[in-house]
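The values are calculated or read from the model by the stated rules, or taken from the named source; none is laboratory data. No experiment lies behind these values; they were computed from the predicted model shown. As a convention, Cβ positions derive from the backbone with ideal geometry for all residues, glycine included, and neighbour counts pool all protein chains shown.
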Amino acid sequence: MTASLPLVDIARFRGPDRAAFLDELRRAAHEIGFFYVVGHGVDPELTDGIFAVAREFFALEPERRREIANINSPQFRGYTSTGHEYTAGAPDRREQIDIGPERETLPPGGPVWERLIGPNQWPAAVPRLREVTLAWQAEALRVSREVLRALAVALGQDEGYFDRWFDDQASTHVKIIHYPGRETTADDQGVGAHKDYGYLALLQQDEVGGLQVQGPDGWIEVTPVPGSFVFNIGEMLEIATQGYLTATRHRVVSPPPGVDRYSVPFFLGPRLDAVVEPLELPAELAARARGVSQDADNPLLAAFGENAVVGWLRSHPKVAQRWWADVLAERA
C-alpha cells in the first residue's frame, strides 16, 4: 500500500480562502481522482441512522430479504444476494439494496434507457428504511452537487455549468451494502476493480475499511475517516474534461472472517437524456489533459442513458435476461 488520499473541507468553498480551497480540490481531483470531504453539514443522526437500518435489514432471515429481490424489478431495484452482481466478469462478495429516484414507469416506445425509470422496492419488515434512506439520499445529492459546483469553478467554469443536467429528473442511485467476512484467505473480492460511470460518487463507509484505490505506485488503502465522505470522479467527468479528470479504478477487499462491513455509496448521475459535451478548459489545464481512457472491455459513451443501460445489463445478467431479453438479443 502507498500514500493516502487528500482531505478537503467543502465548507471552504463558501469561505474567505476559496481560492486556496479550489487549488487543493483541483489537485486532488486531477492527480488521484479520490478524496475525502468534510465540512458537509450532514446530521450525524442521519449518517448513523442509515447504518442502523442497514444492519436491521441484513439481519433479517434470507427469505424476508428476498421479498424485495431485484429479479422482480425491470429497473434493477431491490435486494441482491451475495455473488449475484458481477464486476470485471466475476461475482462480488456482497449483498445490497439498490435504490433510485422514486418515479412512475413510463409507457413503452421511447428510448431504451427510459426503461430504467420506475419505482423502488421497500422491505415491509423494516419500515423505517424507506424514510431514512430517502432523507440520506437527499442530503447526499445536496453535498454531491456542491462538490460538483466547486469542481466546475476549479476547472474555470461558472459554478452552475453542470446544473442543467441535474434537475428533478437526474438519475441518482444509492446502494446499501453489506460485506460479510471472507470464508477463505483467497476469497477476497468484495467488489472487483472498476470505475464508476456517472459524474461523481460519494461513499459513506463504516470503521472496518477495505476500499482501495489504484494509484501510480500501487493500491492506496482508503482508511475510514470519521465524519467524512469519500468522493471519486466518474467516467462522465473524464469525458467532459478530456481526461484532465480521470475516473480511477478502485476495488473493495472483503473483511476478515467473522467481520462485517457496511457502506452506502451514492452515485451522482445526470438526466438519462444527458449527452456529455467537452468543456473548454483554461489553456494551462487543457495542456495537462490526458485524453479519454480507451478500454475495449469498457468503452466510454458520451450518452449517459446508454452508458447506464450497458452497465446494468453487464452487472445483473439474471435481471437482464428476465426483463431485457429483447435488448440483449438486438445487441448479441
**Message:** Name the single residue that is surrounded by the fewest Cβ atoms within 10 Å (Cβ to Cβ) among those in region 171-229 being of a type in the set (Phe, Trp, Tyr) and out of contact with any Leu (no Cβ under 9 Å at 6 or more places or on another chain).
**Reply:** TRP219
**Test result for ALA124, in a loop (DSSP other than H, G, I, E, B) and more than 30 Å from TYR244 (Cα to Cα)** = yes
**Item:** Search result, residues across region 261-280 that are aliphatic (A, V, I, L, M) and either at pLDDT 95 or above or under 22 Å from the mean Cα position of the chain (by Cα) (or both)
**Value:** VAL264, LEU268, LEU272, ALA274, VAL275, VAL276
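Before we move on, is ILE220 more than 17 Å from VAL174 (Cα to Cα), at pLDDT below 90 and among the aliphatic types (A, V, I, L, M)?
Values: more than 17 Å from VAL174 (Cα to Cα): yes; at pLDDT below 90: no; among the aliphatic types (A, V, I, L, M): yes.
Answer is no for this residue.
Restricting region 69-121 to residues that are in a helix (DSSP H, G or I) and among the hydrophobic types (A, V, I, L, M, F, W, C), which is nearest to VAL309 (Cα to Cα)? Quick ask: steps written out before the conclusion?
Of the residues in region 69-121, the ones in a helix (DSSP H, G or I) are 70-72, 112-116.
Retained after the next criterion (residues that are among the hydrophobic types (A, V, I, L, M, F, W, C)): 71, 112-113, 116.
Values: ILE71: 16, VAL112: 8, TRP113: 6, LEU116: 8 Å.
Restricting to residues being in a helix (DSSP H, G or I) and among the hydrophobic types (A, V, I, L, M, F, W, C), the top hit is TRP113.
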**Request:** For region 134-155, indicate whether the set of residues that are surrounded by fewer than 17 Cβ atoms within 10 Å (Cβ to Cβ), aliphatic (A, V, I, L, M) and in contact with a strand residue (DSSP E or B) (Cβ under 9 Å, 6 or more places away or on another chain) is non-empty.
**Result:** yes
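Of all residues in region 236-265 being β-branched (Val, Ile, Thr) and in contact with a helix residue (DSSP H, G or I) (Cβ under 9 Å, 6 or more places away or on another chain), which is nearest to THR223 (Cα to Cα)?
Narrowing region 236-265 to residues β-branched (Val, Ile, Thr): 239, 241, 246, 248, 252-253, 259, 264.
Now narrow it down to the ones that are in contact with a helix residue (DSSP H, G or I) (Cβ under 9 Å, 6 or more places away or on another chain): 241, 246, 264.
On the way: THR241: 28, THR246: 21, VAL264: 15 Å.
Per the stated criteria, the residue is VAL264.
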**Request:** Quick one: in region 238-251, of everything that is within 13 Å of the chain's Cα centre (by Cα) and not charged (D, E, K, R), which residue is surrounded by the most Cβ atoms within 10 Å (Cβ to Cβ)?
**Result:** ALA247
**Message:** Scan region 90-110 and tell me whether some residue there is in contact (Cβ under 8 Å) with a residue 24 or more places away in the chain, under 30 Å from TYR244 (Cβ atoms) and not β-branched (Val, Ile, Thr).
**Reply:** yes
**Message:** Any residue in region 47-63 that is under 27 Å from VAL225 (Cβ atoms) sitting within a Cβ distance under 6 Å of a residue that is surrounded by fewer than 15 Cβ atoms within 10 Å (Cβ to Cβ)? List the pairs, counting only those 6 or more apart or interchain.
**Reply:** VAL53/ARG128
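If you check PRO224 against the conditions, is it out of contact with any strand residue (DSSP E or B) (no Cβ under 8 Å at 6 or more places or on another chain) and over 24 Å from ALA88 (Cα atoms)?
Working: out of contact with any strand residue (DSSP E or B) (no Cβ under 8 Å at 6 or more places or on another chain): no; over 24 Å from ALA88 (Cα atoms): yes.
No, not satisfied.
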**Single residue of region 268-280 satisfying the filter (touching a Lys or Arg at 6+ places or on another chain (Cβ under 9 Å) and part of a loop (DSSP other than H, G, I, E, B)) that is farthest from ASP196 (Cα to Cα)** = ALA274
**Asked** Which one of the conditions (1) within 15 Å of HIS178 (Cβ to Cβ); (2) at pLDDT 95 or above does ARG77 fail to meet, given that it meets all the rest?
**Response** (1)
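For (1) more than 30 Å from GLY118 (Cβ to Cβ); (2) in contact (Cβ under 8 Å) with a residue 40 or more places away in the chain, each residue gets a yes or a no:
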| site | (1), (2) |
| --- | --- |
| SER171 | no, yes |
| LYS175 | no, yes |
| PRO226 | yes, no |
| ILE239 | no, yes |
| LEU245 | yes, yes |
| ARG249 | yes, yes |
| LEU272 | no, yes |
| PRO282 | yes, yes |
